[in-house]
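Encoded as structure tokens, the structure appears first; notes follow it.
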Amino acid sequence: MSLPSKFIVFLGRTFSGHNHDYKMLKQEFPPEMDGLRDLHIRVDLGSQGMQSDDHLEQLDIPHKKPRKSQKNPQPA
């Protein structure tokens with residue numbers, strides 16, 4: 001984890017094999033501990049369950065870009 005200025009505030013342990021970022025974060029900061037509640041957090045689309053699991057109010061998740069398809073040839 002880092003600040004917008006790229007200052008590192010937390011460096012978690014390494015995991016072997018294939019692990020999802022959000023799964024590793026839940027192991028370091030279990031939702032029942034409320035360790036992230038007072039932080040403003042920016043995550044990628046892979047962490048969509050984070051808001052409901054951790055009950056975070058200051059969580060920024062980007063919106064998924066609409067796919068181009070026959071029904072939607074020019075997504076906004």
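Readers should treat all values here as calculations from the given coordinates under stated rules, not as data from a laboratory. Computed from a predicted model, the values in this text were never measured in an experiment. Cβ coordinates were reconstructed from backbone atoms using ideal geometry, including for glycine residues, and neighbour counts include every protein chain displayed.
List of remarks:
- Between the amide H of LEU59 and those of ILE41, distances stay under 5 Å, these residues lying 5 or more places away or on another chain, with hydrogens modeled in the peptide plane.
- Taking 0.36 nm per residue of sequence separation and removing the Cα-Cα distance, the ASP44/ASN72 pair yields an extension gain of 7.6 nm.
- Beyond 19 Å, the tail of the calculated P(r) for the chain holds 47 percent of the Cα pairs.
- Shown is the FRET efficiency for HIS18 and GLN58, computed with R0 = 30 Å from the Cβ-Cβ distance and rounded to the nearest 0.05: 0.50.
- Mean separation of Cα contacts under 8 Å (6+ apart) over length of the range 16-76, as relative contact order %: 28 percent
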